[in-house]
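The block underneath contains the structure these notes are about, expressed in structure tokens.
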Amino acid sequence: MEATAKKNEDFFAEIEELKSQLEEAQDTIEAIRSGEVDAFVVKNDNGHRLYTLKSADQTYRIFIEKMTEGAVTVNQDGIILYSNTSFANMVNLPLGKVLGFHFDEFIPGESRASVQQLVKDAWNEEKKAEILLPGKDKKPLPVLLSLNSLEIDGGIALSIIVTDLSYQKETEQQLKQKNKELEEAQLVTKHLNAQLEQTVKERTNELFESREHFKFLADNIPTIVWTANAKGVIDYFNNRWFEYTGEEKMNSANDLLCCLHEDDKEKYIALWTEAVALGTPFEMVHRFKKADGEYRWHFSHALPFKNNVEVVTWFGISTDIDDQQRAIERKDEFISIASHELKTPVTSIKGYVQILRFNFEREGNTVAAELLARVDNQINKLSTLINDLLDVRKIENGQFQFHESVFDFNELVNEVVEETGRALVDRNIVCELDHTRQVKGDRNKIGQVISNFIDNAGKYSPADTSIFVRTTNNGNSIKLMVQDFGMGIPKDQQSKVFERFFRVTGEAENTYAGLGLGLYISAEIMKRHEGCIGLISDKGKGSTFYFELKRAD
């Protein structure tokens, strides 16, 4: 029993000794890592051996410990004298399983022979090599070994810096993949460029042919044709231009302006500048000078060609309308003379009719008086036509006189309704007037517009129907509307109703009397008053004509 107890005591004592040695070893390792010691002892077959770093420096060792690269120092037998934590992490072992072990034990078998030769050569000169270490989860870890001899106290050691190349290798792999994709993309791009070059070549040929066709067509028509760039600068004239003007073949805006009549230049430049700025069609009647110095009237019309977003170019034509213009001038002159010549006898006839009517009414001859009333009504219509013709002539000559005053708008409307109502006895005129307002303008001319609206409503609507006359106040303006329930106006003709001599065409063409001047004169009156005029109409459902003027109050 005593022997057994003695044996146990020896056993426990040996365990305690081993624990003490282990703690001492751990303290030594920690002291080496933290730079608290400048030397350490390694026991081998020949006994204990002291190792120290020459010019040992605590800061340097801390730097080595903190660096991300693995740092290992081995003696000439390949035993690891020092290792930082980074190398231990690379081989996925605790630091205690690295220090004192042979460096070869951490090298895979397939690389061991080459690394042994590398270590051997590194004692004489600096060496580098890439190998694979068994990393975490048995995943190979590519590293770069940088070996260099290092003098320490008592001899020479070998310093091995182990650099993790996994990120670099991964980057290289990604770069190779990107290069491969880039090469494929370059091949695709090269193919697309070849296709694009072929397409451009084909389109260029097509455009050249199209341009030649256009020039051939333009040069062989008896109308001046021209084009301009997006900024409105003329860049092409056809042959007709040079034949007409006698100019040399120079395509520029100056060529066109030089041939314009002086009285037309300012308006032409203003209209063309506005059209180019807004991208809207250009239209104007003006005069161009011929090669012999004669000026002839032309109608110029240009349209913008757009690429769905902006104007790319302009295409324009200038048509010689001198003969038509001269004919219109002669017609206007004839109408003016005829109107003046007719005005005096019509006035005299009206006076005689009124005297006869008065006499017949006094004698009690109601039948004759009624007949003369109808004659008087027709004379009034004739007088209206004559006055319209005279007004048109005045408008064309800029002699349309206006006499401005401030007046009550509803009062004027009621006066006109009462006056026109006498001639429209078979129509029911309904007034729906908003609060009255003051308006500044020519009272008689504005009354003429209202009268024209009501007369037209009666003319183009069936008997025994209503005509509505409405006014509304819209902020700083007042609006008048005259609505009928007659034949209406087709959509394709509504934009022309305010043109001179225009009359609605269709089944009822020429059914109603008139020259088509009333709405033209009305539009000019509104233009001079800086007002607006328009209509809303559906064929077969009637029309609503309106105008809007600024208030004076």
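Read-outs throughout are calculated quantities, based only on the coordinates presented, and are distinct from any laboratory measurement. Computed from a predicted structure; not experimentally measured. Cβ sites come from the backbone with ideal geometry, for glycine too, and all protein chains shown count toward neighbours.
Charge dipole (Cα centre; +1 on Lys/Arg Cβ, -1 on Asp/Glu Cβ; no other charges) of the stretch 221-319 amounts to roughly 200 debye. If the label point is 7 Å along Cα→Cβ of Glu151, which residues in the stretch 79-104 have backbone nitrogen under 15 Å from it? Counting backbone N atoms under 15 Å from the label point, the list is empty. Compared with the direct C-alpha span, the chain from Cys532 to Gln168 gains 123.3 nm at full extension, assuming 0.36 nm per residue. Once the Cβ-Cβ distance of Val233 and His435 is raised to the sixth power relative to R0 = 41 Å, the FRET efficiency obtained is 0.15. Taking 7 Å steps out from each Cα toward its Cβ at Glu181 and His403 produces label points 8.7 nm apart.
Look at Leu147, Leu257 and count the other Cβ atoms within 10 Å of each Cβ; fewest to most, that gives Leu257, Leu147. Taking each of Lys459/Lys479; Lys267/Lys491; Lys97/Lys176; Lys215/Lys289 in turn, the alpha-carbon distance tops 28 angstrom for Lys267/Lys491; Lys97/Lys176.
Calculated FRET efficiency, Arg422 to Ile328, Cβ-Cβ distance, R0 = 41 Å: about 0.65 to the nearest 0.05. Dipole size of the stretch 425-553 about its Cα centre, with +1 on Lys/Arg Cβ and -1 on Asp/Glu Cβ: approximately 420 debye, rounded to the nearest 20. From least to most packed, judged by other beta carbons within 10 angstrom and beginning with the fewest, Phe63, Phe237 follow the order Phe63, Phe237.
Per residue, the convex hull around the alpha carbon atoms of the stretch 137-240 comes to 259 Å³. In this structure, Glu14 and Asp137 have a Cβ-Cβ separation that, at R0 = 45 Å, corresponds to a calculated FRET efficiency of about 0.70. Each semi-axis of the equivalent ellipsoid for the stretch 437-499 is √(5λ) with λ an eigenvalue of the Cα gyration tensor; in descending order they amount to 23, 15, 13 Å.
Separation of the stretch 141-160 and the stretch 216-294, taken as the distance between their Cα centroids, equals 91 angstrom. In plain terms, the bigger the Kirkwood radius, the slower the diffusion; for the stretch 402-550, with that radius from Cα pairs, at 37 °C and 0.692 mPa s, Stokes-Einstein puts D at 211 µm²/s. Annotation: the residues His213, His529, His286, sorted from fewest to most other C-beta atoms within 10 Å of their own C-beta, follow the order His213, His286, His529. Residue separation of Phe216 and Glu202 scaled by 0.36 nm, minus their Cα-Cα distance, works out to 2.9 nm of gained length.
Distance between the pseudo-spin-label points of Glu243 and Ser383 (7 Å out from Cα toward the beta carbon): 5.6 nm. The stretch between Lys541 and Arg296, if pulled fully straight at 0.36 nm per residue, gains 83.7 nm over its current Cα-Cα span. Spin-label pair Thr223-Phe501: with each label point 7 Å from Cα along the Cα-Cβ axis, the two points sit 2.0 nm from one another.
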